[in-house]
Amino acid sequence: MDKELAMLIVNAAIRSQRELGDIVPLIKEHCTPEEYNVLLLATGSAIYEASLIMERVYDLHPKLKDEFEGRLNKFGRLC
């Protein structure tokens, strides 16, 4: 896989994690406690799975992880 595709995949995973995290307050506000607990666990699992995708890409492109971490340190976000 070339670096450009690797970056697209990591960016997609990061966006997915951010969007999933952003809906947690909405779930809490509009769902029953039971629904919230179920959806919170599912959301956390999905965020974790996205991080596994990123780790696989970083295994193929180790320098890419350094680039993204540098961007996080400089700007406080990855994408």
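Nothing in this text is a laboratory measurement; each read-out follows from the coordinates by a stated rule. These numbers come from a predicted model, not from an experiment. Glycine gets a Cβ as well: all are built from the backbone with ideal geometry, and neighbour counts include every protein chain shown.
Over all other residues within a Cβ to Cβ distance under 13 Å of residue 8, the charged ones net out to 0, with Lys and Arg as +1 and Asp and Glu as -1. What does the charge count around residue 21 come to, taking other residues whose C-beta lies under 13 Å from its C-beta (Lys +1, Arg +1, Asp -1, Glu -1)? Net charge in that neighbourhood comes out at +2.
Given the alternatives [x] 29, 13, 9; [y] 45, 15, 11; [z] 35, 11, 9, semi-axes √(5λ) of the Cα gyration tensor in Å as computed for this entry is given by [x].
Put in line by how crowded their Cβ is, counting other Cβ atoms within 10 Å and starting with the fewest, 54, 7, 1 read 1, 7, 54. The lysine pair tally for the chain, using Cα distances under 30 Å and a gap of 8 or more places or different chains, is 5. A simple count of charges around residue 76, restricted to other residues whose Cβ falls under 14 Å of its Cβ and scoring Lys, Arg +1 and Asp, Glu -1, yields +3. For a modelled paramagnetic label at residue 3, 7 Å from Cα along Cα-to-Cβ, the residues of the stretch 41-79 in reach, with backbone nitrogen under 13 Å, are 61-68.
Which stretch or stretches of the stretch 55-79 have amide N atoms under 13 Å from the point lying 7 Å from residue 16's Cα along the Cα→Cβ direction? What the label zone holds, given the 13 Å backbone N cut-off, is 55-57.
Under a point-charge model restricted to the Cβ atoms of Lys and Arg (+1) and Asp and Glu (-1), what is the dipole moment magnitude of the chain relative to its Cα centre, in debye to the nearest 20?
That gives the chain a dipole magnitude of about 320 debye.
The stretch between residue 28 and residue 49, if pulled fully straight at 0.36 nm per residue, gains 5.4 nm over its current Cα-Cα span.
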